[in-house]
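Structure, as structure tokens:
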Amino acid sequence: MWYNTRMKTTYELLKCLLAIFVFFAITCVVTCGVVNAQAKPVYTAQQTALLDALILVESGGKDDAIGDNGKAIGCLQIWKCYWQDATERSGIGGSYVDCMDRDYAKSIVDAYMKRYAKAAWTDPNLFNAETCARIHNGGPKGYLKESTKKYWKKVQKVLAIL
């Protein structure tokens, strides 16, 4: 009798431990899935038009483009330092090679613009395609650089036909 009672107690304990394990495993999967899931940005019509123009100017629309002697990748020709800048405070995650994915590349530009061109990118009343395009091309102070004016002219021509 004592043997059977002990077996029954061990069996009940194992069942309880298994139930606890399953509960925590499911909780971890659900929580990790929710925490790690990045909401896909929703772009305004102005942002969408500018992103489309940048994609055409940067890569001719090719998601797998590699340029600047291998330093820029994807449809938006993102450099690794640009990607690092965009991801370090945005929580986007991923890896640099993910910039070959169009939606991911757009989210990188979105984060970069929110950091360096906040009003020009996010406020519909203050949206400034030139400022954003020149920052995309020349870095955080790109809108001040003479060298980005030629780039802006290319983007402006594409915007006019979109």
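The values are calculated or read from the model by the stated rules, or taken from the named source; none is laboratory data. In this text the structure is predicted, and so the values were computed from the model without any measurement. No Cβ is skipped: glycine too gets one built from the backbone with ideal geometry, and neighbour counts run over all protein chains shown.
All conditions in (1) among the β-branched types (V, I, T); (2) in contact with a helix residue (DSSP H, G or I) (Cβ under 8 Å, 6 or more places away or on another chain); (3) within 13 Å of L50 (Cα to Cα) hold for T148, with the sole exception of (3). Contact list please: Cβ distance under 9 Å, first residue in region 53-77 and among the aliphatic types (A, V, I, L, M), second residue in a loop (DSSP other than H, G, I, E, B) and at pLDDT below 95, pairs at least six apart or on different chains. From residues that are among the aliphatic types (A, V, I, L, M), the pairs are A53/L162; L56/L162.
Could we say that D68 is at positive phi and of a type in the set (D, E, K, R) here? Yes; evaluated as a whole, the condition is true for this residue. Scanning region 81-94 turns up at least one residue that is more than 23 Å from V42 (Cα to Cα), out of contact with any strand residue (DSSP E or B) (no Cβ under 6 Å at 6 or more places or on another chain) and at pLDDT 95 or above. Of the helices (runs of 4 or more DSSP H) contained entirely in region 104-162, those carrying at least 2 residues that are more than 21 Å from the chain's Cα centre (by Cα) fall at 149-161.
What residue, of D68, D64, D110, is charged (D, E, K, R) and out of contact with any strand residue (DSSP E or B) (no Cβ under 9 Å at 6 or more places or on another chain)?
Numbers: D68 fails: out of contact with any strand residue (DSSP E or B) (no Cβ under 9 Å at 6 or more places or on another chain); D64 fails: out of contact with any strand residue (DSSP E or B) (no Cβ under 9 Å at 6 or more places or on another chain).
So the residue among D68, D64, D110 that is charged (D, E, K, R) and out of contact with any strand residue (DSSP E or B) (no Cβ under 9 Å at 6 or more places or on another chain) is D110.
Scanning region 104-138 for residues that are among the small types (G, A, S) and surrounded by fewer than 18 Cβ atoms within 10 Å (Cβ to Cβ) returns a single hit, A119.
Can you find a residue that is assigned to a loop (DSSP other than H, G, I, E, B) and buried (at least 18 other Cβ atoms within 10 Å of the Cβ) anywhere in region 40-56? No, region 40-56 contains no residue that is assigned to a loop (DSSP other than H, G, I, E, B) and buried (at least 18 other Cβ atoms within 10 Å of the Cβ). Considering region 139-152, and only residues there that are among the basic types (K, R) and within 19 Å of I78 (Cβ to Cβ), the residue that is surrounded by the most Cβ atoms within 10 Å (Cβ to Cβ) turns out to be K145. When the residues of region 73-103 are filtered to those that are part of a loop (DSSP other than H, G, I, E, B) and of a type in the set (S, T, N, Q), the one that is surrounded by the fewest Cβ atoms within 10 Å (Cβ to Cβ) is S95.
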